[in-house]
Amino acid sequence: MSFVGKLLKKFKFITKGVVALNILLISATYGFLSSIFLTIIGKKDISQWSTARFYYNLFSFIMGTNINIDRPELLEKLPAILISNHQSELDIYMLGRIFPKKCVVTAKKQLKYIPFLGWFMSASGTFFLDRSNKESAIQTLNKALDKLKTNKGGLFMFPEGTRSYSNKPILLPFKKGAFHLAVQAQIPIIPLVVSNTSNIYSLKEYNFNRGEINIKVLDPIPTEGLTKDDVTKLTHEVYDKMNQAVSELGMSKVYGEECVSTQQSGEDNGEDNDEETEVEETHVSTKSTLSTDSHNLNENTSLMAN
């Protein structure tokens, strides 16, 4: 690409990034106001779901993107722990599409003080975790689990613990936090895998394109009867199933371009994993919603890992 072409691509990326940020702020404002209204009428448990859908539809309309979900009905088999691969900042868009009703996120405490976003998260029932206080954070997670089981909601987590930022459809190694929680609560795990989105959005390559993202929901995995001694085996089994599905889904579709082969990254899987695993662990939970910085939400998973 020529020098001028690179400049134009970077300008497009920055411009669309500013637009995307404003969409997020508008959605957070909507979420704050709707949370107050829904709380008044006794519907607080759907406030984050409502905001998630608002954000997804607004982003799709303005940015020219779309998400296709295979077997979305499985997302309603709650209570459950929902897990997915974690790629980039665009994951928040994916979350806006897939979160079922009666879900809420857990987030690090610092997000509580961000204008609009923090106001919405507080008003809609987010569980804020103090990362500097392990005992307090674990108590908060246990409280979230209790509510999840009582209200038949969901807890959404990214077991990789961080964004991969990979330009190939791969998975980073899994942390055990999501699996500990599922076994502790004796509720199923619902894995879902997302096609690689780096050709639609990539901070490293300055991509910000129109296109379609594909999501496949895998069969729920029961944990009834399992103990903490089974967590490692469970983690490996789920990883293998999701890794295969990620490879099969391949790349997302950019409008105006041919779809990249789904097998393009198989040979480099191990090498890329080694390069991309030096990162902090993170965690998100759901009772369903628009969480905002998925990376920040994920950092809490390590608290439950061995």
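Considering Cα pairs under 8 angstrom that are at least six residues apart, work out the relative contact order of the stretch 3-254 and quote it in whole percent. Dividing the mean separation by the residue count of the stretch 3-254 yields 24 percent. Placing unit charges on each Cβ (+1 for Lys and Arg, -1 for Asp and Glu) gives the stretch 3-254 a dipole about its Cα centre, and among 165, 153, 186 the Cα reaching farthest toward its positive end belongs to 165. Restricting the stretch 184-229 to GluC sites (Glu not before Pro) that sit in a DSSP loop and have at most 11 other Cβ atoms within 10 Å of their own Cβ leaves 224. Counting only residues at least eight positions apart within a chain, or on another chain, the lysines with an alpha carbon under 17 Å from that of residue 109 are 134, 143.
No lab work stands behind these numbers, since they all come straight from the coordinates. Keep in mind that what you see is a predicted model, and the values were worked out from it rather than measured. Positions of Cβ are generated from backbone atoms using ideal geometry, with glycine treated the same way; all protein chains shown enter the neighbour counts.
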